[in-house]
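Report on the structure given below.
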């Protein structure tokens, strides 16, 4: 007859296994958290959930990164009316309030614009049959930053992809901090 191990050894093994499972589970969640943050941004943008997007997107940082990419070419406006050639037009222009041109980055940061970007297209350019379930391609993963590439449907790897950069803000909290647009926009 074989001697049996004391009962406390089996309890020690069970506790050891639970600790190992907890460590492996925590590491797995830590590594996959940026992917879930991307999916959360995509779902919130699809549903138009502004509160969720406010928690998931660092709007000032994304806006700052998009401005140089979206800088519109200056449009040549007609010369303002001259008091000598068009006095009524000149007075009307002086009285009317100045309406600022809308910022060029706002279409990219709206819920529908972000949803189109998460599918690999520019705002308003996504075809209705665009693949909604395509997974982003991981371009870089680090302990504090992760980058995902989302090419449009049918594009070659890396060609015309929209790059999303997420930054870790807390142990398991990641925020979108940069969007890099493809050259063709």
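When segment 14-35 is filtered for residues that are touching a residue at least 12 places away in the same chain (Cβ under 8 Å) and exposed (fewer than 13 other Cβ atoms within 10 Å of the Cβ), the ones remaining, listed by number, are 29, 31.
One residue alone among 22, 40 is modelled with pLDDT of 90 or more, within 20 Å of the chain's Cα centre (by Cα), outside any loop (DSSP other than H, G, I, E, B) and under 30 Å from residue 170 (Cβ atoms), and that residue is 40. Could you say whether any residue in segment 91-106 is at pLDDT 85 or above and either assigned to a helix (DSSP H, G or I) or within 26 Å of residue 153 (Cβ to Cβ) (or both)? Yes, there is a match, as at least one residue in segment 91-106 is at pLDDT 85 or above and either assigned to a helix (DSSP H, G or I) or within 26 Å of residue 153 (Cβ to Cβ) (or both).
The values are calculated or read from the model by the stated rules, or taken from the named source; none is laboratory data. Since this is a predicted model, take the numbers as computed values, not measurements. Note that we place each Cβ from the backbone using ideal geometry, even for glycine, and neighbour counts take in every protein chain shown.
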